[in-house]
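In what follows, a structure is listed as structure tokens, so that the remarks can point back to it.
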Amino acid sequence: MAEQKPNFKYIVRVANVDIQGNRPIRIALTEIKGIGINLADIICVCAGIDKTQRAGDLSDEHVKKLNQVVDNLPAQGVPTWIFNRRKDYDTGADMHLLTGNISFYKENDIKRLKKIKSLKGVRHGKGLPVRGQRTKSHFRKNKGKVVGVAKKKIAPAAAEGGKKEAGGKKDTKK
């Protein structure tokens, strides 16, 4: 590893999240929920920071600039297609949500869909796949609930008559 500067910080606080100082800043920013690698690259460009620089080597001014960019992405000229909440239901604005706000908005959206009894809301309520996936096998969260065909029990009269079938299957060869 490269030698550390005397003012190296092992933990840097960006957007109220502690990120590791020994990682490159573009990788360290992905620890924040709602920021992926592509958005981290855009944030570094907007803040004027080298994306390969380690997070612990950033000065306080750079950290402050990063916080400003992350808190107000639409004002930085970031394209709206990268935001995670476009055309908000209540305001109609394009925004990018981080950390706890993501789960809060998602919860409220699901509650709204359930309240208006849309198909998506009904399927959320029943715990079924919402986006058109097949339901025969892969959506089950609890293993053991399988869909199958129950074997028919051999009738006692047929068993006594000497017509015993091996494994419930008829012999088709003649």
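Data for the structure
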{"quantity": "Lone qualifier among ASN67, ASN108 - being over 24 Å from ASN7 (Cα atoms), part of a helix (DSSP H, G or I), at pLDDT 90 or above and of a type in the set (S, T, N, Q)", "calculated": "ASN108"}
{"quantity": "Pairs with Cβ under 6 Å, 6+ apart, first in the stretch 1-29 and outside any strand (DSSP E or B) and at pLDDT 90 or above, second among the aromatic types (Phe, Trp, Tyr) and buried (at least 17 other Cβ atoms within 10 Å of the Cβ)", "calculated": "none"}
{"quantity": "Exclusive hit being farther than 12 Å from VAL14 by Cα and of a type in the set (A, V, I, L, M), set ILE35, ILE82", "calculated": "ILE82"}
{"quantity": "Condition met for LYS33 (basic (Lys, Arg) and at pLDDT below 90)", "calculated": "no"}
{"quantity": "Residue in the stretch 121-137 that is hydrophobic (A, V, I, L, M, F, W, C), at pLDDT 90 or above, touching a His at 6+ places or on another chain (Cβ under 8 Å) and not in a loop (DSSP other than H, G, I, E, B) present", "calculated": "no"}
{"quantity": "Tabulated pairs, the stretch 69-81, first farther than 21 Å from ILE25 by Cβ, second of a type in the set (Ser, Thr, Tyr) and modelled with pLDDT of 85 or more, C-beta under 8 angstrom, 6+ apart or interchain", "calculated": "PRO74/THR80"}
{"quantity": "Residue within the stretch 73-82 that is over 29 Å from ASN108 (Cβ atoms) and among the aromatic types (Phe, Trp, Tyr) present", "calculated": "no"}
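Here is a yes/no grid of residues against (1) among the polar types (S, T, N, Q); (2) out of contact with any helix residue (DSSP H, G or I) (no Cβ under 7 Å at 6 or more places or on another chain):
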site	(1), (2)
GLY92	no, yes
GLY100	no, yes
LEU113	no, no
SER118	yes, yes
HIS124	no, no
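The values are calculated or read from the model by the stated rules, or taken from the named source; none is laboratory data. Since the model is a prediction, treat every value here as computed from it, not as a measurement. Positions of Cβ are generated from backbone atoms using ideal geometry, with glycine treated the same way; all protein chains shown enter the neighbour counts.
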